[in-house]
Each structure stands twice: as C-alpha cells, then as structure tokens.
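Structure record follows, encoded as structure tokens.
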Amino acid sequence: VPDGDTGTNMALTLESVVAELGEAGDDMAATCRAIGHGSLMGARGNSGVILCQVLRGLTTVMAEGDTVDGPTWARALSEASSAAYGAVGTPVEGTILTVVREASEAGAEAAVAGAPLVDVLSRCREQGGDALRRTPEMLPVLKEAGVVDAGGTGFLLLLDQGFIVRLFGQI
C-alpha cells in the first residue's frame, strides 16, 4: 500500500507536539499554541502534514475559550476537516480526510440536537469508525491490499485513547 510510513510519520508529528507541550502553560490558549506549533514543526510526510492540519484546525477554534463543550468540539472538528482538505492538492476519498470529515459531520448533527460533549465525541467516533470500515470500498488500492486507511486508523486511535482530550487538558 502506498505511503506505508503513515504510522511512523503520525507518531513523529505527535512526538513533536508532546515535546512542545512540555514548554506550554496550562491554559487553553497556551496549550493550543503549543499543539499548533509542535505539529507544524514535527510534521513528517503526507500523513504528518494532514495530522498537523487537523490539530491546527482544532486549536484555532478551541483557543477561543477556556473550555470545550459539544458545539465547540463540533465546530473545531469541522475546521480541522476543512484545514486537512485544504492541505492536500488533490483530496482523495477513502483516506483520513474522509474519516475526519464524516466524524465532523456526525459531531455537528449531535451538537445541533443539543447533545452534551461526551455524546458529541461518541457520535464522532462512531461515524469515523463507520467511514474507516468503508475506506476499502472508496479506494481500490486498500481493497486490493485488504486493509483500511492507515491515517484514518491513526486518527481514530487518537480519539479512542483520549489522546486529543489529554492534549487539550481543559476539555
């Protein structure tokens, strides 16, 4: 499968974020600046650049306040999706882009319905998982290899492990 170094590149990007967080203050704005700067400085390969844009999209919205609720998360993930698509010259469906976009759409629907943050996050994860399972149907190279998209898998791992929530600390 092309771009077989996706996991490594995402991990290197996140290592840079974690290192930058060590220097940050403990308020939301400082945390967001550290995440944005760390991801930019550590981005490696296509997957690192896309992950950087996802994190920078999240931080753009989250830096506006001191806490995050369901509507804020939904808006932040929507901005993350837009930033990720904007970072790619020719966006391809069946990749992390699709997983983030569908997760953000589900989060927006839940937020509009008045769901609390935990339910918005749950809907994002659920729909992102569904999108990930369908990536081989969207991208023939994945189907031929019998795998799902590695970048989309990495993004869902961040949600599953609560990594994004721990990065922001204030959520």
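Could you give me the ³J(HN,Hα) list for segment 130-135, computed from phi with Karplus coefficients 6.51, -1.76, 1.60 and θ = phi - 60°, whole Hz, x at Gly and Pro?
5, 4, 4, 4, 8, 4
Using a probe of 1.4 angstrom, how much of the accessible area of the chain is carbon and sulfur, in percent?
The nonpolar share, carbon plus sulfur, comes to 53 percent.
Please work out the Cα convex hull volume for segment 55-136 and give it in Å³ per residue.
73
So for each of 141-148, 124-131 I average, over its residues, the number of other beta carbons within 10 Å; can you give me the resulting order with the highest mean first?
Output ranking for 141-148, 124-131: 124-131, 141-148.
Each residue of segment 21-31 in turn: what ³J(HN,Hα) in whole Hz from Karplus with 6.51, -1.76, 1.60 and θ = phi - 60°, glycine and Pro shown as x?
Rounded to whole hertz, the list is 5, x, 9, 7, x, 10, 9, 4, 4, 5, 4.
How much accessible area per residue does the chain have, in Å², with a 1.4 Å probe?
About 46 Å² of surface per residue is accessible.
Tell me what the chain gives for mean residue ellipticity at 222 nm when only DSSP H runs of n ≥ 4 count, each as -39,500 (n - 2.57), the sum divided by the residue total, rounded to 500 deg cm²/dmol.
-24000 deg cm²/dmol
When you count, for each residue, the other Cβ atoms within 10 Å and take the mean per peptide, how do 78-89, 15-26, 60-71, 43-54 rank with the highest first?
43-54, 78-89, 60-71, 15-26
Note the direction-averaged projected area, equal to a quarter of the hull surface, for the Cα convex hull of segment 5-161, in nm².
8.6
Over 12 Å apart: what share of the alpha carbon pairs of segment 97-140 falls there, rounded to a whole percent?
More than 12 Å apart: 55 percent of the Cα pairs in segment 97-140.
How much net charge surrounds residue 38 when only the other residues with a Cβ under 13 Å from the Cβ of residue 38 are counted, with Lys and Arg +1 and Asp and Glu -1?
Net charge around residue 38: 0.
The values are calculated or read from the model by the stated rules, or taken from the named source; none is laboratory data. The structure presented is a predicted model; accordingly, all values stated were derived computationally and were not measured. For neighbour counting, all protein chains shown are included, and Cβ atoms are generated from backbone atoms with ideal geometry for every residue, glycine included. For accessibility, only protein heavy atoms count, side chains too; no ligands or nucleic acids. Shrake-Rupley method; radii C 1.70, N 1.55, O 1.52, S 1.80 Å.
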